[in-house]
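Structure record follows, encoded as structure tokens.
The values are calculated or read from the model by the stated rules, or taken from the named source; none is laboratory data. The model shown is predicted, which means the values in this text are computed figures rather than measured ones. Here Cβ is always computed from backbone atoms with ideal geometry, including for glycine, and neighbour counts include all displayed protein chains. Heads up: the accessible areas ignore ligands, DNA and RNA and are worked out on the full protein's heavy atoms, side chains in. Shrake-Rupley method; radii C 1.70, N 1.55, O 1.52, S 1.80 Å.
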Amino acid sequence: DVYKRQGLQKGVLVHTPEGYGKIQTVANENGIIQVQIKEETKDFKQEEVQTEIEVVVAYLCPEFQREDTMIISSSASEKDIYQQLRLLSESDIPYVPKFYYKGKLISHDSEQTVEDLKVAPGDNFLILATNGDFLTAKRLSSETSNWMYSGLPDAITFTLSKDARLAGFGVYKSSNEQNLKCDARIYEGDLPSKGELIFARVITLQYTDDDQTIPIIFDTPLNLKANQKYTCWIKIDNGQSYFGQYGAESVNIPELNLDVKFFNCKESYNGTKSKGQI
């Protein structure tokens, strides 16, 4: 019947003008739906009982500002809302956005319900993105020094579990007072000698007393495809740097529900594999 097609069945959590509650009875002779709100059962007209909540989404990022609408299920959790907002923003925003509701950051793993959050029709959600917001897949740990160079390349290949934008990658700094000239590139495919070059930059790796790595940030994020192999490649003519050990084969970025898998590159002639640079 019409009520079942709309999801209006006994026991379903719904939103009403008086808040959230569970349906007790549906469609008596007067077309009234009875909903238990807290400890009290109240009568509502069909149009007052909603299993879908329409909210307003405001985008705020360097490129543009606009408003849109989004439908949230009355049974959704906070992490469900996070994923909806993430999908809504993927095609338009070239940075990693943050999502807000009533001034609070929306969590990617919270099991709080829309009832807990008190989401109501017409409420406003904010998608905020700046070019300073990045998420990192860190494959190496236990940094140490004295990774040596003699003009041979270090490289690592990786894949993504879904389409994503790559904003940059990190390399290790010089481990002594000598500055290192670094030729940094990204190729499509797992063999740089045969792959398409999609990024290239020459940078100087300087010795400092702070963080042992330096990020190489692209002028424009690269649009990478799911399950396509890509290779980060660097070449340093001489000298030594810090390096990482105990490389992970896979790293999950929970905010994006994204897995990054790493593979040894056959053309990493300076030794980078489960340890090394990049």
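Looking across segment 258-269, the residues that are touching a Lys or Arg at 6+ places or on another chain (Cβ under 8 Å) and crowded, with 18+ Cβ neighbours inside 10 Å come down to VAL260, PHE262. What do you reckon, is SER175 in contact (Cβ under 8 Å) with a residue 60 or more places away in the chain and either in contact with a Lys or Arg (Cβ under 9 Å, 6 or more places away or on another chain) or of a type outside the set (D, E, K, R) (or both)? Yes; evaluated as a whole, the condition is true for this residue. Which one is nearest to TYR20 (Cα to Cα) among residues in segment 116-136 that are buried (at least 16 other Cβ atoms within 10 Å of the Cβ) and in contact with a Leu (Cβ under 8 Å, 6 or more places away or on another chain)? Looking at the filtered set, the residue picked out is PHE125. Pairs meeting the criteria (first residue in segment 252-278 and at positive phi and of a type in the set (Gly, Ala, Ser), second residue modelled with pLDDT under 95 and surrounded by 18 or more Cβ atoms within 10 Å (Cβ to Cβ), beta carbons under 6 Å, at least 6 apart or on different chains) are GLY276/ASP154; GLY276/PHE243. Comparison of SER175, SER193, SER110 shows that the only residue that is modelled with pLDDT of 85 or more, farther than 23 Å from PHE263 by Cα and either crowded, with 19+ Cβ neighbours inside 10 Å or not hydrophobic (A, V, I, L, M, F, W, C) (or both) is SER110.
Pick out, from segment 116-175, the strands (runs of 3 or more DSSP E) lying fully within it that include 2 or more residues that are closer than 30 Å to HIS15 by Cα.
Working: elements: 124-128, 141-149, 153-160, 164-172.
Per the criteria, 124-128.
On the given criteria, is GLU255 open to solvent by 50 Å² or more (accessible area, probe 1.4 Å) and touching a His at 6+ places or on another chain (Cβ under 8 Å)? The answer is yes for GLU255.
Among the conditions (1) touching an Asp or Glu at 6+ places or on another chain (Cβ under 7 Å); (2) surrounded by 19 or more Cβ atoms within 10 Å (Cβ to Cβ); (3) modelled with pLDDT of 90 or more; (4) closer than 23 Å to MET148 by Cα, the only one that TYR230 does not satisfy is (4). The set of residues in segment 13-31 that are assigned to a loop (DSSP other than H, G, I, E, B) and either open to solvent by 90 Å² or more (accessible area, probe 1.4 Å) or modelled with pLDDT of 90 or more (or both) comprises PRO17, GLU18, GLU29, ASN30. In segment 153-161 there is at least one residue that is within 30 Å of ILE72 (Cβ to Cβ) and within 23 Å of the chain's Cα centre (by Cα). Checked against (1) open to solvent by less than 60 Å² (accessible area, probe 1.4 Å); (2) at pLDDT 90 or above, SER241 passes all but a single condition, namely (2).
I'd like the residue in segment 32-48 that is free of Cβ contacts under 8 Å to residues at least 12 places away in the same chain and not in a strand (DSSP E or B) and, out of all such residues, is nearest to LYS22 (Cα to Cα).
From segment 32-48, those free of Cβ contacts under 8 Å to residues at least 12 places away in the same chain are 34, 39-40, 43, 47; that's our starting set.
Checking which are not in a strand (DSSP E or B) leaves us with 39, 47.
Numbers: GLU39: 11, GLU47: 16 Å.
Taking the candidates together, the pick is GLU39.
Evaluation of LYS181 against the conditions (1) within 26 Å of GLU143 (Cα to Cα); (2) touching a Phe, Trp or Tyr at 6+ places or on another chain (Cβ under 9 Å) shows that the sole unmet condition is (2). Answer yes or no as to whether SER89 is at pLDDT 90 or above and either outside any strand (DSSP E or B) or not aromatic (Phe, Trp, Tyr) (or both). Answer is no for this residue. Residue pairs whose Cβ atoms lie under 6 Å apart, sitting 6 or more positions apart in sequence or on different chains, and linking a residue in segment 105-116 that is under 11 Å from ALA76 (Cβ atoms) to a partner that is open to solvent by less than 50 Å² (accessible area, probe 1.4 Å) and part of a loop (DSSP other than H, G, I, E, B), are VAL114/ALA76. When segment 41-58 is filtered for residues that are open to solvent by 100 Å² or more (accessible area, probe 1.4 Å) and either hydroxyl-bearing (Ser, Thr, Tyr) or more than 40 Å from the chain's Cα centre (by Cα) (or both), only LYS45 remains.
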